[in-house]
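Reading through the structure tokens given below for one structure.
The values are calculated or read from the model by the stated rules, or taken from the named source; none is laboratory data. Just so it is clear, the model here is predicted, and its values are computed rather than measured. As a convention, Cβ positions derive from the backbone with ideal geometry for all residues, glycine included, and neighbour counts pool all protein chains shown. When the accessible area is computed, the model is the full protein with side chains, heavy atoms only, and any ligands, DNA or RNA have been set aside. Shrake-Rupley method; radii C 1.70, N 1.55, O 1.52, S 1.80 Å.
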Amino acid sequence: MGKSIVLIGSGNEKVVEEATRSLEIEVFFFGVETNLDSFLETIEGLEDLVFVAALGSWEGEVLIEIAKRCKSRLTFFCLTRTRTLQETIASRNQADEILNTFPDFRGAIISEEVPFFAKVEALRFLLD
């Protein structure tokens with residue numbers, strides 16, 4: 001089975017749509033109202049997951065929790081939030097936690113300030 005995307009929050013929905021436009025790839029959405037245990041059951045057994053989330057908010061916390069409990073091969077596509085000092089600090093802390101928890105980290109952690117087309121290209125690269 002190929003890669004699947006786990007999109008956490010709707011903030012990066014357009015990036016995912018554009019990056020996967022010509023690909024046959026399954027996208028699983030985790031929203032603020034989604035039950036974590038039920039969601040984990042849904043993605044259980046998938047071999048290769050690409051997580052897409054913004055760090056510096058609840059999305060980063062959920063990403064870390066799901067990734068810790070997943071047995072799949074993981075790739076991360078994280079955007080850091082920098083609109084406020086609190087978001088910047090939380091983004092940095094969550095990025096550090098990801099890198100420390102997953103020493104064989106694969107993926108990208110980039111600023112949400114990067115232009116849209118660059119985000120799309122970065123995600124496409126990770127999907128190849």
Scope segment 7-56; condition at positive phi and more than 14 Å from the chain's Cα centre (by Cα); matching residues | GLY45
With respect to GLU33, determine if the residue is closer than 22 Å to LYS14 by Cα, touching a Gly at 6+ places or on another chain (Cβ under 7 Å) and acidic (Asp, Glu).
-> no
Look at segment 40-68 and say how many of its residues are of a type in the set (Phe, Trp, Tyr) and open to solvent by less than 10 Å² (accessible area, probe 1.4 Å).
-> 1
Take the residues of segment 69-89 that are open to solvent by 60 Å² or more (accessible area, probe 1.4 Å) and of a type in the set (D, E, K, R): which is farthest from the chain's Cα centre (by Cα)?
-> ARG83
Working only within segment 54-85, note down all residues that are not hydrophobic (A, V, I, L, M, F, W, C) and not in a helix (DSSP H, G or I).
-> GLY56, SER57, LYS71, SER72, ARG73, THR75, THR80, ARG81, THR82, ARG83, THR84
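Any residue at all in segment 51-73 that's farther than 20 Å from LEU36 by Cβ and polar (S, T, N, Q)?
no
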Across segment 90-123, the tally of residues that are part of a helix (DSSP H, G or I), more than 20 Å from VAL62 (Cα to Cα), among the charged types (D, E, K, R) and open to solvent by 80 Å² or more (accessible area, probe 1.4 Å) stands at 1
What are the residue pairs meeting all of these: first residue in segment 16-42, first residue under 19 Å from LYS119 (Cα atoms), second residue small (Gly, Ala, Ser) and open to solvent by 60 Å² or more (accessible area, probe 1.4 Å), Cβ atoms under 8 Å, and 6 or more apart or on different chains?
-> PHE29/SER10
For segment 11-38, how many residues meet the condition of being open to solvent by 50 Å² or more (accessible area, probe 1.4 Å) and assigned to a strand (DSSP E or B)?
-> 3
